[in-house]
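**Q** Would you mind keeping the following structure in view while I ask a few things?
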Amino acid sequence: MSFESKRVLVTGSSRGIGFAIAQELLNRGAYVAVNGRSAATVQAAYLALGEHERVIKVIGDVGSAAGCEDLVAQAVQALGGLDILVNAAGVDYSTAIEDTTEELWDLTLDINLKGVFFCCRAALSALKESGGNIVNIASDAGLQGERLMPAYCASKAGVINMGRALALDLAPRVRVNSVCPGYVDTDMVRRDFIEKADNPAATEQALKDRAPLQRIAAPSEIAKAVAYLASDDAKNITGIALAIDGGTTAG
Ligand SMILES: NC(=O)c1ccc[n+]([C@@H]2O[C@H](COP(=O)([O-])OP(=O)(O)OC[C@H]3O[C@@H](n4cnc5c(N)ncnc54)[C@H](O)[C@@H]3O)[C@@H](O)[C@H]2O)c1
């Protein structure tokens with residue numbers, strides 16, 4: 001899978017899964033726009049990518065339509081067009097129904113669902129021109145319910161079905177796919193699940209045991225699947241939600 005001369009924007013790529021995707025596609029020859037909300041986090045990612053000449057820095061927040069339009073415009077202008085949009089920016093808040101305030105609901109849905117839609121919308125003319133494609137990072141929590149994550153589950157299920165709808169609307173010129181990771185070893189999981197626990201080691205083991213394959217994935221594993229879906233090898237694939245969850249949603 002070569003991405004030579006491909007122009008890529010990965011939202012939320014200052015760390016975690018988004019960073020791994022940026023790294024994977026950069027290693028395969030792409031020009032990559034790396035996005036985060038602050039100059040400091042984007043600069044840190046740029047340094048971690050070896051200050052590569054094919055990396056473009058894009059500071060912007062996907063939490064509003066205007067923010068999406070601005071950051072996509074920055075990327076399209078700097079890259080001279082766009083072949084691949086990967087929507088990886090996301091937040092997770094684990095709350096009981098009673099503790100899920102309107103503010104928390106809006107924050108989760110604005111970043112995880114509205115942000116994906118408006119980045120897709122903003123990138124549309126550039127992707128139509130290039131015959132490009134979109135990969136959205138959803139979650140196994142979009143394929144099945146999870147305890148204590150009502151807003152997150154709603155946002156990720158929305159991403160999956162919105163992706164199918166966009167796949168229909170944008171075919172045959174632009175493909176749209178989702179990937180649905182189970183637990184992945186990033187800040188999101190370490191900070192919000194493992195380090196918060198009374199017994200972090202036991203919690204980490206419990207997260208592993210949740211999947212039939214009894215593992216937490218590395219970000220690079222998700223990045224390789226994204227690379228496949230974004231590549232020409234996947235030219236007959238659109239509208240899918242690919243679970244990379246160690247069998248968690250198998251039944
Ligand atoms: N880690 C997991 O186990 C897991 C599992 C399934 C799905 N996911 C999804 O994968 C994606 C990446 O998660 P991660 O684990 O790398 O998380 P992370 O917290 O390590 O990184 C999230 C990234 O999104 C960025 N981001 C957050 N809000 C943003 C905003 N408003 N605008 C722009 N960027 C923003 C952050 O700056 C960061 O770069 C998310 O959509 C998440 O829901 C993660």
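**Q** Provide a single number: the residues in the stretch 41-51 that are surrounded by 14 or more Cβ atoms within 10 Å (Cβ to Cβ) and not in a helix (DSSP H, G or I). Spell out how you get there, then give the answer.
**A** Start the filter on the stretch 41-51 by keeping residues that are surrounded by 14 or more Cβ atoms within 10 Å (Cβ to Cβ), which leaves 41-46, 48-49.
Filter once more, so that each one left must be not in a helix (DSSP H, G or I): 49.
So the answer is 1.
**Q** Taking the stretch 186-210 only, how many residues are assigned to a loop (DSSP other than H, G, I, E, B) and within 23 Å of I21 (Cα to Cα)?
**A** Residues of the stretch 186-210 assigned to a loop (DSSP other than H, G, I, E, B): 186, 195-199, 210.
Subset that is within 23 Å of I21 (Cα to Cα): 186.
The qualifying residues number 1.
**Q** Further, regarding this structure: In the list D110, D92, which residue meets the criterion of being among the acidic types (D, E), within 13 Å of the ligand (Cβ to nearest atom), more than 15 Å from T238 (Cβ to Cβ) and assigned to a helix (DSSP H, G or I)? If you could, list the steps in order and put the result at the bottom.
**A** Details: D92 fails: assigned to a helix (DSSP H, G or I).
The unique qualifying residue is D110.
**Q** Determine, yes or no, whether V42 is closer than 18 Å to P219 by Cβ and in contact with a Leu (Cβ under 8 Å, 6 or more places away or on another chain). Quick ask: steps written out before the conclusion?
**A** Numbers: closer than 18 Å to P219 by Cβ: yes; in contact with a Leu (Cβ under 8 Å, 6 or more places away or on another chain): no.
No, not satisfied.
**Q** Here is a further query. Counting only residues that are within 11 Å of the ligand (Cβ to nearest atom) and either surrounded by fewer than 19 Cβ atoms within 10 Å (Cβ to Cβ) or in a helix (DSSP H, G or I) (or both), how many does the stretch 154-184 have?
**A** In the first step, residues of the stretch 154-184 are kept if they are within 11 Å of the ligand (Cβ to nearest atom); the result is 155-156, 159, 178-184.
Checking the rest, the ones that are also either surrounded by fewer than 19 Cβ atoms within 10 Å (Cβ to Cβ) or in a helix (DSSP H, G or I) (or both) come to 155-156, 159.
Residues meeting the conditions: 3.
**Q** For the structure I just gave you, tell me whether A141 is within 12 Å of the ligand (Cβ to nearest atom), small (G, A, S) and not assigned by TED's automatic domain parsing to the domain that holds D233. Working first, answer last.
**A** Working: within 12 Å of the ligand (Cβ to nearest atom): yes; small (G, A, S): yes; not assigned by TED's automatic domain parsing to the domain that holds D233: no.
Against the criterion (within 12 Å of the ligand (Cβ to nearest atom), small (G, A, S) and not assigned by TED's automatic domain parsing to the domain that holds D233), A141 does not qualify.
**Q** Any residue in the stretch 208-227 that is under 14 Å from T249 (Cα atoms) and touching a residue at least 60 places away in the same chain (Cβ under 8 Å) sitting within a Cβ distance under 6 Å of a residue that is hydroxyl-bearing (S, T, Y) and more than 12 Å from the ligand (Cβ to nearest atom)? List the pairs, counting only those 6 or more apart or interchain.
**A** Note: no pairs meet the criteria.
**Q** What pairs come up if the first residue lies in the stretch 1-27 and is outside the structural domain of L124 (by TED's automatic domain parsing), the second is surrounded by fewer than 23 Cβ atoms within 10 Å (Cβ to Cβ) and of a type in the set (S, T, N, Q), and their beta carbons are under 7 Å apart, counting only those six or more places apart or on different chains?
**A** Hits for this filter: M1/S231.
**Q** Quick test of your reading of the structure: M149 fulfils all but one of (1) within 11 Å of the ligand (Cβ to nearest atom); (2) under 20 Å from A22 (Cα atoms). Name the failing condition by number.
**A** Evaluating M149 over (1) within 11 Å of the ligand (Cβ to nearest atom); (2) under 20 Å from A22 (Cα atoms) leaves (2) as the failure.
**Q** Quick one: G60 ticks every box in (1) more than 15 Å from V135 (Cβ to Cβ); (2) crowded, with 16+ Cβ neighbours inside 10 Å; (3) more than 10 Å from the ligand (Cβ to nearest atom) except a single one, so which number is it?
**A** Only one criterion in (1) more than 15 Å from V135 (Cβ to Cβ); (2) crowded, with 16+ Cβ neighbours inside 10 Å; (3) more than 10 Å from the ligand (Cβ to nearest atom) is unmet by G60, namely (3).
**Q** Would you check if E103 is away from the ligand (no atom under 12 Å from the Cβ), free of Cβ contacts under 8 Å to residues at least 40 places away in the same chain and either surrounded by fewer than 22 Cβ atoms within 10 Å (Cβ to Cβ) or not in a loop (DSSP other than H, G, I, E, B) (or both)? It would help to see each step written out before you state the result.
**A** Details: away from the ligand (no atom under 12 Å from the Cβ): yes; free of Cβ contacts under 8 Å to residues at least 40 places away in the same chain: yes; either surrounded by fewer than 22 Cβ atoms within 10 Å (Cβ to Cβ) or not in a loop (DSSP other than H, G, I, E, B) (or both): yes.
Taking the combined requirement at face value, the residue satisfies it.
**Q** Consider C119 carefully, then state whether it is in the same structural domain as D232 (by TED's automatic domain parsing), in contact with a Leu (Cβ under 7 Å, 6 or more places away or on another chain) and assigned to a helix (DSSP H, G or I).
**A** Working: in the same structural domain as D232 (by TED's automatic domain parsing): yes; in contact with a Leu (Cβ under 7 Å, 6 or more places away or on another chain): yes; assigned to a helix (DSSP H, G or I): yes.
In short, yes.
**Q** So I84 ticks every box in (1) within 15 Å of the ligand (Cβ to nearest atom); (2) buried (at least 20 other Cβ atoms within 10 Å of the Cβ) but one. Which box is left unticked?
**A** Only one criterion is unmet by I84, namely (1).
**Q** Applying the selection to the stretch 25-40, what residues are surrounded by 15 or more Cβ atoms within 10 Å (Cβ to Cβ) and more than 17 Å from the chain's Cα centre (by Cα)? So that I can check it myself, show each step before the final result.
**A** From the stretch 25-40, those surrounded by 15 or more Cβ atoms within 10 Å (Cβ to Cβ) are 25-26, 28, 30-37; that's our starting set.
Result: R28, A30, Y31.
**Q** Only one of these is surrounded by fewer than 20 Cβ atoms within 10 Å (Cβ to Cβ) and part of a helix (DSSP H, G or I): Q144, Q74. Name it.
**A** Values: Q144 fails: part of a helix (DSSP H, G or I).
After ruling out the rest, the residue left standing is Q74.
The values are calculated or read from the model by the stated rules, or taken from the named source; none is laboratory data. None of these values were measured; they are calculated from a predicted model. Neighbour counts are summed over all protein chains in view; Cβ atoms, including those assigned to glycine, are modelled from backbone coordinates with ideal geometry.
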